[in-house]
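My questions will all concern the structure given below.
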There are 2 protein chains.
Amino acid sequence: MTLRVRDLDESGLLARIVPLLPTGAATLVGPGDDAAVVAAPDGRYVVSTDVLVEDFHFRHRWSTGYDVGVRAAAQNLADVAAMGGRPTALVVGLAMPGDLEVAWVEGLARGLADACSPVGAAVVGGDLSGGSVVMVSVAVHGDLGGRPPVLRSGARPGDVVAHAGVRGRSAAGLALLEAGAASPGDGAPGAAGPLAPFVTGFLRPAPPLDQGPAANAAGATAMLDVSDGLLRDAGRIAAASGVVVDLERGALQPYVAELLPAAAALGDAADRASDRALARALTWVLAGGEDHGLLATFPPDVTLPDGFTRLGAVRPADPAAGVTLDGMPPQTSPGWDHFHQ
Amino acid sequence: MTLRVRDLDESGLLARIVPLLPTGAATLVGPGDDAAVVAAPDGRYVVSTDVLVEDFHFRHRWSTGYDVGVRAAAQNLADVAAMGGRPTALVVGLAMPGDLEVAWVEGLARGLADACSPVGAAVVGGDLSGGSVVMVSVAVHGDLGGRPPVLRSGARPGDVVAHAGVRGRSAAGLALLEAGAASPGDGAPGAAGPLAPFVTGFLRPAPPLDQGPAANAAGATAMLDVSDGLLRDAGRIAAASGVVVDLERGALQPYVAELLPAAAALGDAADRASDRALARALTWVLAGGEDHGLLATFPPDVTLPDGFTRLGAVRPADPAAGVTLDGMPPQTSPGWDHFHQ
């Protein structure tokens, strides 16, 4: 018999998942009281929140509970990294229907743990609730280690624009799943087929979390995590800093090349060959969201930290702030909006 | 024409609500970047999270956006107070369907502000998402001011049991609305009819937030906020501390008396008069949830802080930890469970 959430009371469900949750050194009082207590050694903490809703951010036919746990953690942890901080603690709210399988919730906890453990972040508290659909809300916290936060507003003309992490894989994976050209199994843990990087990138993004504090230590002037697409998020740095972020097509080619197997699997290689495949891959690189790479600007004399690749340069706003591709307005439409999908 | 969420893009919606959100002195970096930065002057912070889901925690026919904002903030702020801390910062996730009125979301922001402003807590960040129903998730943070957190586990035999805040009002208000004996208008801001305290108490609970740090300063040995009913939550202190929490019926009578108008409005006064009304009111006092009063234990020699009323005493576990009423097992069933309503 399949054990479902409604077969357990709240304490029974907690007894199954709390032991699976990640623990961390910053936790002074963990789950079980009205609130947790977390260390903030430099007298400040970074905090952000992100929500995942069934059928808006994930679908049960593609994502397991484990996938959703990894993804919920990853996109939140990336927000702390994007401030130049190290993630320390998460609280997790979970609303769910009574017929949800308990194994799904246990998978969620394991996914949170596997995403958090490499950086030492703990789940220190949460809330379980009934709901007509599954909804996972995470608030994430981090420590700046005595450094200033890296905001979006500090880019200056002359700075180098650089990126850490993957580009376009999540969008490519989504396109493959939507077209039926790949199955979720192609992105299951341990899958090693040619489409595994894309489906895995969509189901369980892996942001470059160590690169956030590294960028901060190296003197990054601005940074954010790329959640809504490279052009759109670069535009946010441009707008906040009052500059032009100029990206160089040549620097984007390695990302484009990496996505060609996904573009080919969608049939583009067969008909009209490389032009359409290249265009599709470039669109994923420029407009694909949810990879949660880090886009940062650095003073021109800085040696980029490991993991960062130069993508372009910051120019004066002339006449307006914005994003250019080799100095020209980009032709690809930018990212997407939550309420108009 | 009614303006709905789908008529605006995300930045348009943010432009309307961010100016309405409460601000506070602990905010170092507020909304608008990947994450906020908040001061934690004593090198630690308290953190908790609570989720409200449409049709599980509120219904549109009873609660306005303003009501939901007050309630979402209040029940979270109470968790910080229950640790003996002062709330400083909230992050808020909001999932909602596109046909939700923008005025509802603006009301939510105003409700958050009105609940937070008296204690100086700020909304420092958030996330907006589509959703098939409205779901509000809040993570709340607070400052302990250098004092230890007040856990549930510190009650000792001989301690005084005391309570701050109202008891049973939320349950009475819910019963009145469910029976059609009161309308949401009876609890609208400024309503002053005989049923106003109950309907208001259900729609917009007002936890005694200042009493949390006051109890901590006075040396409280254990504390929690009463969210699931007095017996059930007293049982949590008893279990965590390994003691018996003995409540005295006589000390509960003022709460019972205050609820009699609500019991009478349900028809009990007319038929069989006082016995049934008294029994109903006592059940609300003992088992009614969502008032978010503070239940605390203090060493016997402590002068109770303003706002606290003595309810009983802590006894040794004999043989087991638990709750008694005048030394006897209570006959009223305890609180409720989220998955078996």
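No lab work stands behind these numbers, since they all come straight from the coordinates. Source: prediction; values computed, not measured. A quick note on method: Cβ atoms are made from the backbone with ideal geometry, for glycine too, and the neighbour counts reach across all protein chains shown.
Please figure out what share of the DSSP beta bridges in chain B is antiparallel and state it in percent, rounded to the nearest 5.
Numbers: 41 of 55 bridges.
If we restrict to bridges inside chain B, about 75 percent are antiparallel.
Could you pull out every residue, at least 5 positions away or on a different chain, whose amide H is within less than 5 Å of the one on A:THR88? Hs are placed 1.01 Å off N in the peptide plane, and Pro or chain starts have none.
Long-range HN contacts for A:THR88: A:HIS141, A:GLY142, A:ASP143.
From Cα coordinates alone, what are the radius of gyration and Dmax values for region B:13-118 in angstrom?
In order Rg, Dmax, the Cα atoms of region B:13-118 give 14.3, 44 Å.
Evaluate peptide A:85-96: per residue, the Cβ atoms of other protein chains within 10 Å of its Cβ; return the mean as an integer.
Details: counts 3, 0, 0, 0, 2, 3, 9, 4, 11, 3, 12, 3.
For peptide A:85-96, the averaged partner shielding equals 4.
How large is Rg over Rh for region A:188-251, taking Rg from the Cα atoms and Rh as the Kirkwood inverse mean of 1/r across Cα pairs?
1.07
Among A:LEU14, B:LEU252, which comes first, second and so on when ranked by fewest other beta-carbon atoms within 10 Å?
Numbers: A:LEU14 15, B:LEU252 22.
Ordered by Cβ neighbours within 10 Å, fewest first: A:LEU14, B:LEU252.
HN-Hα J couplings of region B:3-8 from phi, Karplus 6.51/-1.76/1.60, θ = phi - 60°, integer Hz, Gly and Pro as x?
Taking θ as phi minus 60°, the curve returns 7, 10, 4, 6, 7, 10 Hz for region B:3-8.
Can you give me the relative contact order of chain A as a percent, contacts being Cα pairs under 8 Å and 6 or more apart?
Relative contact order, chain A: 22 percent.
Of A:VAL37, A:GLY145, A:GLY126, which is farthest along the charge dipole of chain A in the positive direction, counting Lys and Arg as +1 and Asp and Glu as -1 at C-beta?
After comparing all options, I get A:GLY145.
Obtain the nm distance between the two label points defined at B:ALA257 and A:ASP99 by a simple spin-label model: each point lies 7 Å from its Cα along the Cα-to-C-beta direction.
Going from the B:ALA257 label point to the A:ASP99 one covers 5.2 nm.
Still on this structure, please answer the following. Within 10 Å of each residue's Cβ, count the other Cβ atoms and sort B:LEU325, A:LEU77 from fewest upward.
B:LEU325, A:LEU77
Can I ask one more? To the nearest 20 Debye, how big is the dipole of region B:178-306 about its Cα centre, given +1 on the beta carbon of each Lys and Arg and -1 on that of each Asp and Glu?
Details: 7 positive and 16 negative charges, 38 e Å.
Here the size comes out at about 180 debye.
Then there is this: Among A:HIS60, A:HIS163, A:HIS292, determine the one that fluctuates most according to a GNM of chain A built with springs between C-alpha atoms less than 10 Å apart.
So, out of A:HIS60, A:HIS163, A:HIS292, the one fluctuating most is A:HIS60.
Moving on to the next point. Using only the Cα atoms of the protein assembly as shown, construct the convex hull and provide its projected area averaged over every direction, in square nanometres to one decimal.
In nm², the orientation-averaged hull projection of the protein assembly as shown is 31.7.
How big, in percent, is the set of alpha carbon pairs in region A:160-325 lying more than 23 Å apart?
Considering region A:160-325, 39 percent of its Cα-Cα pairs are separated by more than 23 Å.
How far, in nm to one decimal, is B:GLY193 from itself in the other copies if the label point is set 7 angstrom along Cα toward Cβ? Shortest first, please.
In ascending order, 6.5 nm.
What are the ³J(HN,Hα) couplings of region A:298-309, residue after residue, when phi is run through the Karplus curve with 6.51, -1.76, 1.60 and θ = phi - 60°? Round to Hz, x for glycine and proline.
9, x, x, 8, 7, 7, 4, x, 3, x, 8, 10
Most exposed first by the Cβ proxy, i.e. fewest other Cβ within 10 Å, how do B:ASP326, B:ASP228 rank? It would help to have the intermediate numbers written out before the result.
Details: B:ASP326 12, B:ASP228 21.
In increasing order of surrounding Cβ atoms, one gets B:ASP326, B:ASP228.
With an 8 Å Cα cut-off and a minimum separation of 6 or more residues, compute the relative contact order for region A:81-188 in percent. Walk me through the intermediate numbers first.
On the way: 108 pairs, mean separation 40.3, N = 108.
RCO, region A:81-188: 37 percent.
Provide the percentage of antiparallel DSSP beta bridges, counting only those with both residues in the protein assembly as shown; round to the nearest 5.
If we restrict to bridges inside the protein assembly as shown, about 75 percent are antiparallel.
Translational diffusion coefficient, Stokes-Einstein: compute it for chain B using the Kirkwood radius over C-alpha pairs as Rh, at 25 °C and 0.890 mPa s, and state it as an integer in µm² s⁻¹.
118
Same structure, new question: Separation between the A:THR303 and A:ALA320 pseudo-spin-labels, each 7 Å from Cα along Cα→Cβ, expressed in nm?
4.1
Next up: Per residue of the protein assembly as shown, what 222 nm ellipticity follows from adding -39500 (n - 2.57) for every DSSP H run with n ≥ 4, rounded to the nearest 500?
Values: 18 runs with 224 residues, N = 682.
Using -39500 (n - 2.57) per qualifying helix, the result is -10500 deg cm²/dmol.
Same structure, new question: Placing +1 on the Cβ of each Lys and Arg and -1 on the Cβ of each Asp and Glu in region B:51-100, which of B:ALA78, B:LEU100, B:VAL53 has its Cα farthest towards the positive end of the resulting dipole?
Farthest towards the positive pole: B:ALA78.
Here's something else I'd like to know. Under a 10 Å cutoff between Cα atoms, tell me which one of A:LEU286, A:LEU177, A:LEU108 has the largest fluctuation in the Gaussian network model of chain A.
A:LEU177
Here's something else I'd like to know. List, shortest first and in nm to one decimal, how far the label point of B:ASP55 (7 Å from Cα along Cα→Cβ) is from its counterparts in the other copies.
Nearest first, the other copies' label points are 1.0 nm away.
Let me ask something else about it. Given Cα pairs under 8 Å that are at least 6 residues apart, what percent is the relative contact order of region A:160-325? Can you show the working numbers first?
Working: 339 pairs, mean separation 71.9, N = 166.
With pairs under 8 Å counted, the relative contact order is 43 percent.
Still on this structure: Long-range amide H contacts for A:GLY322: which residues qualify at under 5 Å (H placed 1.01 Å from N, peptide plane, sequence gap of 5 or more or a different chain)?
Result for A:GLY322 returns A:VAL243, A:VAL244, A:VAL245.
Compute a Gaussian network model of chain B, connecting alpha carbons closer than 10 Å, and tell me which residue from B:LEU128, B:LEU52, B:LEU209 fluctuates the most.
The residue that fluctuates most here is B:LEU128.
Assign unit charges at the C-beta atoms only (+1 for Lys and Arg, -1 for Asp and Glu), then state the dipole size of region A:21-143 relative to its Cα centre in Debye, rounded to the nearest 20.
Numbers: 6 positive and 14 negative charges, 59 e Å.
For this selection, approximately 280 debye.
Compute, for the protein assembly as shown, the length of the dipole vector about the Cα centre, with Cβ point charges of +1 (Lys, Arg) and -1 (Asp, Glu) only. Units Debye, rounded to 20.
Computed about the Cα centre, the dipole is about 300 debye.
Please give the Cα centre distance for region A:1-57 versus region B:134-195, rounded to the nearest Å.
23
Follow-up question, since we're still on this one. Can you list the distances in nanometres, one decimal and ascending, from the A:ASP42 label point to the identical position in each other copy, with the point 7 Å along Cα to Cβ?
Spelled out, the distances from A:ASP42's label point are 2.3 nm.
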